[in-house]
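The values are calculated or read from the model by the stated rules, or taken from the named source; none is laboratory data. All values derive from a computational prediction rather than experimental measurement. Calculation scope for accessible area: heavy atoms of the full protein, side chains included, ligands and nucleic acids excluded. Shrake-Rupley method; radii C 1.70, N 1.55, O 1.52, S 1.80 Å.
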Amino acid sequence: MVKVVTLFLIFVAVLAIFGKLRLPQLPKPLQRRKVATAQKCKTCGTYLFKGIDCACQKQQKSEKD
């Protein structure tokens, strides 16, 4: 029983060694799939959505008018 377990562990170790040797040859993921970083407001630090102004910027625009 001990011999079987030892052989199994050696077999798993050999598979791991071959897996690590082969891993660097895999292609790198495409840059297009990368998620863009979230944009924040420069003044207050809240997260911004596309095409929507921050609440602090809306207040500044209304004060200027």
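Of the residues Lys42, Lys20, the one with the largest accessible area comes first in the ranking Lys42, Lys20, computed with a 1.4 Å probe on protein heavy atoms.
When only alpha carbons are used to place a centre, region 2-17 and region 42-62 end up 60 Å from one another. Our coupling estimate for region 48-57, obtained by passing each phi through the Karplus curve with A = 6.51, B = -1.76, C = 1.60 and θ = phi - 60°, is 10, 9, 5, x, 10, 6, 6, 5, 5, 6 Hz, Gly and Pro reported as x.
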